[in-house]
Structure formats: C-alpha cells, structure tokens
Amino acid sequence: MRETGRRIENNDLGDAAQHQQTILRSLQELLDTLANRRVHELESRVNQLQQAGEELKELRTKQKELQAKAEQAAAAADGQQRKRELDRLQPAATELAEQAKRLSRRLERLLAEQAAQSLADAASSLDRAAEAAKQGEAQRTLEQAREAGQRLEQAERQLEESRRAATQELLQEHLGRLGQEIEGLARRQQATL
C-alpha cells in the first residue's frame with residue numbers, strides 16, 4: 001500500500017491503480033481463506049459430533065448388556081452364583097466408566113458441554129456400580145446401572161441437540177457466504193453496465 005502511495009506521489013497513476021488492484025485481490029484471497037477456514041472448522045465439528053454420537057450409541061448398548069447382567073445377578077437365588085456374576089460385572093462396569101469418561105472429555109472439547117456433563121454423571125454411576133459389584137451388593141449394582149442408563153439416554157438427546165445446532169451454524173455460514181457472492185456478482189454486473 002505504501003508503494004501505491006509513492007507511485008501516486010510520483011504521478012505514476014497507471015501503475016498505482018494496477019498495484020492497488022493487486023493488493024485488493026490479495027486481500028480478497030486472504031478473506032476467502034479465512035472464511036473457508038471457518039467453514040472447514042464447522043464441518044469438522046459436525047463430523048466429530050456425529051462420530052461421538054455413534055460411539056455413545058455403542059456405549060449405551062454395552063450399558064444395557066451390563067444392566068441385564070446386573071438384573072440376573074440380583075435375581076440369582078444362590079449367593080455364590082450372585083457373587084460370581086457380580087465379580088464378572090465389576091471389570092466390565094469399570095471399563096464402561098472409563099470409556100464414558102474419555103467420551104465426556106472429547107465432547108467438552110467439541111463444545112457439547114451438557115452432553116459431556118451427562119456422560120460424566122453416567123461414568124460416576126458406572127464407577128459406583130463397579131464398586132457395589134466388588135462389594136457383592138447386587139441391588140445397588142443394578143440401581144447404579146439403571147442410573148447410568150438414564151444419564152446415557154440424556155446425553156444422547158443433548159448430543160443430538162448439539163449436533164443439530166452445529167449443523168445449523170454451518171448452514172448459516174454457507175448461506176452468508178452465498179449471499180456475499182451474489183452481492184459481489186451483482187456489483188460486478190452493475191459495473192459492466
């Protein structure tokens with residue numbers, strides 16, 4: 001831009017105008033790059049939220065299996081059989097809690113705070129279920145497994161809402177860019193007339 005100013009001072013207006021156009025094109029390219037970056041970030045976030053939703057469904061399926069096994073353990077009449085079943089449940093509940101914690105942290109990074117909090121609550125319930133299973137308390141294990149299921153369902157709903165909001169934001173960004181391009185075309189059309 002300084003170079004353009006010097007050219008104007010030296011009455012080199014032809015080169016100054018040409019240099020000014022080059023600068024304008026460079027600035028427009030920079031704006032386009034920045035705008036595309038925003039769209040790319042939004043697209044990436046939507047995709048990652050979709051993947052997290054699929055992982056959450058898998059987690060929910062595993063939790064249902066855990067809950068069914070906890071129900072079997074609670075219904076077992078034989079104390080030894082109940083203890084064996086609870087001993088098998090404990091590591092599964094612990095692993096499920098760890099998976100929920102990892103997914104919760106990932107959702108926090110994706111700005112899905114409510115779903116992340118519900119997942120963290122589910123992980124806590126699963127930890128309590130594992131502890132109850134370790135202590136041989138079948139009924140408490142079952143209650144905590146059910147609580148985890150409710151929290152996972154809540155997280156699924158909240159995650160879907162976050163995904164919809166991110167998709168909406170992406171669409172708004174696309175529409176805004178389209179509007180700007182149409183305005184630019186209209187201005188260029190008017191300039192040629």
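Some notes on this structure:
- Heavy-atom accessible surface of the stretch 79-139: percent carbon and sulfur, 1.4 Å: 45
- Here the Karplus relation 6.51 cos²θ - 1.76 cosθ + 1.60, evaluated at θ = phi - 60°, turns the backbone of the stretch 44-54 into coupling constants of 4, 5, 4, 5, 5, 5, 5, 4, 5, x, 5 Hz, with x for every Gly and Pro.
- Orientation-averaged projection of the chain equals 14.8 nm² [convex hull of Cα atoms, one quarter of hull surface area].
- Per residue, in Å², the accessible surface of the chain once ligands and nucleic acids are set aside, probe 1.4 Å: 65
- Shown for the stretch 102-193 is the translational diffusion coefficient from the Stokes-Einstein equation, using the Kirkwood radius over Cα pairs, a temperature of 10 °C and a viscosity of 1.306 mPa s: 98 µm²/s.
- All Cα pairs of the stretch 140-193, percent lying beyond 18 Å: 63
- Dividing the radius of gyration of the alpha carbons in the stretch 103-142 by their Kirkwood radius gives 1.19 for Rg/Rh.
- Under the Debye formula (equal points on every Cα, no solvent term), log10 I(q)/I(0) of the stretch 39-111 at q = 0.19, 0.22, 0.24, 0.25 Å⁻¹: -0.79, -0.92, -1.01, -1.06
- Within the chain: Cβ-based charge dipole about Cα centre, in debye rounded to nearest 20 (Lys, Arg +1; Asp, Glu -1): 220
- Förster radius 45 Å - calculated FRET efficiency between ARG157 and GLN190, Cβ distance, rounded to 0.05: 0.35
- Projecting the Cα atoms of ALA155, ALA75, THR141 onto the charge dipole of the chain (Cβ charges, centred on the Cα centre) puts ALA75 farthest toward the positive pole.
The values are calculated or read from the model by the stated rules, or taken from the named source; none is laboratory data. Worth saying up front: this structure is predicted, and the values here are computed from it rather than measured. No Cβ is skipped: glycine too gets one built from the backbone with ideal geometry, and neighbour counts run over all protein chains shown. Side chains are part of the model used for accessible areas, which takes the heavy atoms of the whole protein and leaves out ligands, DNA and RNA. Shrake-Rupley method; radii C 1.70, N 1.55, O 1.52, S 1.80 Å.
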